[in-house]
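Just below is one structure, and these are the notes that go with it.
The values are calculated or read from the model by the stated rules, or taken from the named source; none is laboratory data. None of these values were measured; they are calculated from a predicted model. Cβ sites come from the backbone with ideal geometry, for glycine too, and all protein chains shown count toward neighbours.
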Amino acid sequence: MTGLKTLTALGVAAAFVSGTATAQTVGIGSTNSSMVAAMTTAISKVVSGKGILNMRRQIMGGTQKYIPVVDAGELEFGVSNMIQYAMAKDGRGLSKKPYKNLQLVATLMRFHTGLLVRNDSDIRKVEDLRGKRVAGGFKGAPLFEIFHSALLVNAGMTYNDVKIIPAVGLAQHWNLFKQGKLDVANAGVGGGPNKDMNAKIPSGIRYLSLNTDTPGAKKLLELLPGGAYEKIEKNRSYVAIREPAVLLGYDFMLFAHKGVPAKTVYETTKAMFDNVKEFHAVSPVWKTFNEKRMPKDQGYEYHAGAMQLYKEKGAWQR
């Protein structure tokens, strides 16, 4: 694993072998699978492809595993959704203490998620989940225990109001849903799991629209800082949007330890800023990633190296 303490050994100062500069090696925390793994793969490929930095993925058991490692200065970069990042900075939710050494580098893409039911289900709104079978536990993906709980709160409910079916992770709970052992599932709009569930369930699937003007709706946003209610219109690519539905929207973020040299973060940010089209070519998931959104004000501090690049490009508007 690379870390701030080994930056000199890895070549912070230019090293030359046969007259050729050796790219500095930096690490980025990643999960082994899921959307975060796909993101870090794309980021490391683009950044490493420019010849200035060599970015290597450091795979761990979850985002919550590498957040403390980046905060400790033992790893340069990480990726998380804005909700989990806000929890880490504030020391709440999944984070039992504030991780003060984290700073933002770039806003990546916008993501939308919500609760899915079978299209032929009599469940028409979140309140109808009372007494229904809902996944719980999520020891392998604890963030989604919080997500499920908050989505129930949106309708003024808690886990005490539903029948809990134990699930370790997201993939298992999707399988339980396909098997008819759950009445509801949680997944992102437009992703592969949606298409798979829609194909495997005879009637297909559809999203439940979330409340926006109730006490529960306000409480959800307190539990999931960085989230927002957004209406998603019907789209041929969105198999579960049968009619316009209000879902939870949030951004994914690239972050770094505050002690990573400004030049390192500058070069990372520049490689991404100058090559947005390379990300778009990877997957439709990246379609909302663009130069203007990269320095989006999230209410938390950006790293000096990233700010320098954004100011040079005229993208820093505050």
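Only one entry of ASN119, ASN81 meets the criterion of being of a type in the set (S, T, N, Q), at negative phi and either in contact with a His (Cβ under 7 Å, 6 or more places away or on another chain) or not assigned by TED's automatic domain parsing to the domain that holds PHE177 (or both), and that entry is ASN81. The condition of being more than 13 Å from ARG110 (Cα to Cα), aliphatic (A, V, I, L, M) and surrounded by 17 or more Cβ atoms within 10 Å (Cβ to Cβ) holds for only one of ALA306, ALA281, that being ALA306. The condition of being over 30 Å from HIS112 (Cα atoms), at pLDDT 95 or above and not β-branched (Val, Ile, Thr) holds for only one of ALA86, ALA72, ALA21, that being ALA72. Does MET294 fit the bill of being among the hydrophobic types (A, V, I, L, M, F, W, C), farther than 30 Å from ASP120 by Cα and in contact (Cβ under 8 Å) with a residue 60 or more places away in the chain? Yes.
When we screen ALA9, ALA15 for residues that are modelled with pLDDT under 85, surrounded by fewer than 16 Cβ atoms within 10 Å (Cβ to Cβ), touching a Ser or Thr at 6+ places or on another chain (Cβ under 6 Å) and in the same structural domain as THR63 (by TED's automatic domain parsing), the only hit is ALA15. Select from region 179-192 the residues that are in contact (Cβ under 8 Å) with a residue 12 or more places away in the chain, more than 13 Å from GLY114 (Cα to Cα) and either polar (S, T, N, Q) or surrounded by fewer than 19 Cβ atoms within 10 Å (Cβ to Cβ) (or both) and list them in ascending order. Scanning region 179-192 gives a single hit, LYS181.
For region 29-40, the criterion of a residue being assigned to a helix (DSSP H, G or I), free of Cβ contacts under 8 Å to residues at least 24 places away in the same chain, under 14 Å from the mean Cα position of the chain (by Cα) and surrounded by fewer than 21 Cβ atoms within 10 Å (Cβ to Cβ) is satisfied by at least one position. Only a single criterion out of (1) within 24 Å of VAL36 (Cα to Cα); (2) surrounded by fewer than 16 Cβ atoms within 10 Å (Cβ to Cβ); (3) touching a residue at least 40 places away in the same chain (Cβ under 8 Å) is not satisfied by ARG242, namely (1). For region 144-164, a residue qualifies if it is surrounded by fewer than 17 Cβ atoms within 10 Å (Cβ to Cβ) and either of a type in the set (A, V, I, L, M) or touching an Asp or Glu at 6+ places or on another chain (Cβ under 6 Å) (or both), and exactly one does: ILE164.
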